[in-house]
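Quick notes on the structure that follows.
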Amino acid sequence: MLTNYIYKLRPNITQSTKMSSWINMLRSSYNWSLADRIAQYNHQFIQGDYCDIRTRGEACPLTCFVSKNGASGEPWKDSKIDKNGKLKNPRRSAGDIQITMLPELKKARPWFGEIDSTVLQQNVKRLDTAYKNFFEGRGFPKFKNRSNFTSFTYQMGVKVQSSKIYLPKLGWMRFFNSRLIPDGFTIKAATIRKRQDGWYVSIRIEDKAIPNYASKPLDEVNSILGCDLGITKLVHLSDSFQIDNPKFSTNKKTKRTSYIRQRRVSKKVKGSKNRKKAASRLGRFHKKITDKRVAYQWAVANKIVSRKVDAIALEDLNVSGMMRRCKVKVDENTGRFLKNGQSRKKGLNRAISDAGWSELILKIEYLAEKQGKVVIKINPRHSSQECRRCGHIDKSNRDGEKFICTQCGYHEHADIGAAKTIRDRGLEIVRGDSAKLAVKQLNAQKISARTSVQTC
C-alpha cells in the first residue's frame, strides 16, 4: 500500500534561507528546460535546418534530436542488446538528455551544486509530467513564477527519527510529529512545500505487505445513496438529509475582511517591506479559509461515506466548464458589446469555487474506496427537472428549491428529488436496463401512497 503523510516543518533560519534559494534556482532551471524544449521543437519541426547567427549552431532532424549548441546534449546513447537479442532503441527522450547533462549544468553554474542531485532530477521529471498531461489533452506546460512554483521533491536519502527528519544537504530538521508512521512502512519520497504560514513536508510511504484498497464489485451492490451538490446547501442526499454550506470565503464577514486586507496591500509602496508584511498577512488569512474548508470537507465526506449503503452515486460535473466565462455578444449593426450576463455569473462562479465540489468529490471517492464502497459517476443532465412520477422533463418544473410538475402536479424539494433521481440512475447502471421499469413502478407506488396519506 502507498500513502502520504503531511507534517509541518520547524527549520532554523539557515535551513529556511537555503530552501528558499533552492526554490528560486529550481524554478529558473525548470523555465530554462521548458524554453530549451520549445526552441528545439521549433528547430526540428518548424524551421527545419536551423543556423543560429550568434552561435553558428545547426540542427538537422536526420542527425540530431535537439540543437547541438544547446545544453540538452547528445540525443544518442550507446547501443545495447536486450535478452531477446534485439538492438535497443538508442534514442533518448528530451527528459533523459536534460537529466544526463545536469553535471554539465553544475560545472557551468557551480551554485547549482548546493542542491541535491535527486532534487534536480525530479525537477526535470516534473516537466516530463507536464508534457505527458499535455499529450493527454490538458493545457501546454507554462513557465513558472514565484506564486505557482513553491515545492521540490527528494527521491531518496530521507530519514525520520522521532520528531526530526533528515533531508540531504539540509541536515536534520525538527518537525511536528502529529502522526506516527506505522511500523513496516518505508519512505519512498518526500516533497517540501512552502506555504503562507511556513514549510511543510509530504512523505510518501509504502508497505508492500499490505494490499491496496479494493472496492466492492457492482454485482454485490444492493443499496445506493444519491448525492446532489448545491450552493444553498452543500449536499442533498436521497434519504432527505441536507448538509449545510458554511460559505467560508463568500460570507459577509469574510468578504469584508478580505477587502480591507487587500486594500491595505494595494496602498503600500511597491517593493517595500510593509507591502510584503501586508501581503503575507493577506496570504495567511486566505490559507486559514482554505484550512477550514478542507477540514469541513473531510467531515462531510466521512458523514456521507459512513452511511449504511453499498455504493454512492455522485454527479459527474464539469466544474471548470460551469465556471467558464459567458460568450461575448456583439451588436451586428453598431459593433458594440452587449450584456451577456457575466457580471451576474461572477457571483455564481465565486460560490461554486467556495463550495469546492471537485475536492469534496475526491475526498468522498478516497474514503469510499478505503471502506470498500463503490462510487458511481452519474450524468446529472435534467436530474432536477425530471418528474419522478411521470418522467416529464421541463425547465418550468423547477422554481428555485420547489419542484412542481407542469403535467401531473407532483411536488417535492427540487434538490432532494434530484438526489433521488441520481440514486435511481445509479440503480439502473448496477442492475441493468431491466431495473429501470421496476424503479419507476416503485417510485410511483411510494408517491401514490404518500399522496393518499396526505389526502386522508
For the range 218-455, averaging the sequence separation of alpha carbon pairs under 8 Å that lie six or more residues apart and dividing by its residue count, the contact order in percent is 25 percent
So what J values fall out for the range 119-132 if you push phi through Karplus, 6.51 cos²θ - 1.76 cosθ + 1.60 with θ = phi - 60°, rounded to Hz, Gly and Pro as x?
5, 5, 5, 5, 5, 5, 5, 5, 5, 4, 5, 5, 5, 4
Under 17 Å Cα-Cα from Lys395, which aspartates and glutamates qualify once same-chain neighbours fewer than 8 residues away are excluded?
Glu386, Glu412, Asp415
Could you grab the relative contact order for the range 88-210? Cα pairs under 8 Å, six or more apart, rounded to a whole percent.
18 percent
Using 0.36 nm per residue, how much length does the chain from Lys339 to Ser306 gain when fully extended, once their Cα-Cα distance is taken away?
7.2 nm
Lys and Arg at +1, Asp and Glu at -1: add these up for the other residues within a Cβ distance under 13 Å of Ala35 and post the number.
+3
Of Lys247/Lys327; Lys253/Lys273; Lys144/Lys253; Lys8/Lys169; Lys18/Lys276; Lys345/Lys402, pairs whose Cα-Cα distance is over 25 Å
Lys247/Lys327; Lys253/Lys273; Lys144/Lys253
Using θ = phi - 60° and the Karplus form 6.51 cos²θ - 1.76 cosθ + 1.60, what ³J(HN,Hα) does each residue of the range 375-380 get, whole Hz, x for Gly and Pro?
10, 10, 8, 10, 5, x
What do you get when you divide the Cα radius of gyration of the range 218-455 by 2.2 N^0.38 Å, with N the number of residues?
1.26
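Provide Val119, Val328 in ascending order of the number of other Cβ atoms located within 10 Å of each residue's Cβ, fewest first.
Val328, Val119
Read-outs throughout are calculated quantities, based only on the coordinates presented, and are distinct from any laboratory measurement. All values derive from a computational prediction rather than experimental measurement. Virtual Cβ from ideal backbone geometry, glycine too; neighbours counted across all protein chains shown.
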